[in-house]
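The values are calculated or read from the model by the stated rules, or taken from the named source; none is laboratory data. This one's a predicted model, so the numbers in the text were calculated from it and none came from an experiment. Virtual Cβ from ideal backbone geometry, glycine too; neighbours counted across all protein chains shown.
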Amino acid sequence: MNMADKLVTIAKFADSSQASLAQQLLADFGIKSVLAGQNASNVYSGLSAVAETELQTFESQAQKAHRILESRKEQEN
């Protein structure tokens, strides 16, 4: 991560609790991330088109984060 790194969205969730679980998974691997839109998702629950929660990380860590999330999806299926 460098000072010029920008945040990029790596996943979107209709359920903010699922977004929080994904954020914790990334933290377990040492990847810092933030949730954008979480408050709107809580207020407008059930309206996923209006209130998605975005999981964002630094651009330099995005590829690794995406692989971790995809690996978890594969394990769940």
Checked segment 2-21 for anything part of a strand (DSSP E or B) and small (Gly, Ala, Ser); matches are Ala11
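Counting only residues that are among the basic types (Lys, Arg) and at pLDDT below 95, which one in segment 53-77 is farthest from Phe29 (Cα to Cα)?
Lys73
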Note on segment 5-20: residues among the aliphatic types (A, V, I, L, M) and at pLDDT 90 or above are Leu7, Val8, Ile10, Ala11, Ala19
Note on segment 22-52: residues farther than 20 Å from Lys6 by Cα, of a type in the set (Gly, Ala, Ser) and either assigned to a helix (DSSP H, G or I) or modelled with pLDDT of 95 or more (or both) are Ala40, Ser41
Log entry, pairs with first residue in segment 17-35 being farther than 12 Å from Thr57 by Cα, second being part of a loop (DSSP other than H, G, I, E, B) and among the charged types (D, E, K, R), beta carbons closer than 9 Å, six or more apart or on different chains, reads Ala19/Glu52
So, first residue within 10 Å of Val8 (Cα to Cα) and assigned to a helix (DSSP H, G or I) in segment 53-76, second residue of a type outside the set (D, E, K, R) and modelled with pLDDT under 95, Cβ within less than 7 Å, six or more apart or across chains; the pairs are Ser60/Met1; Ser60/Asn2; Gln61/Met1
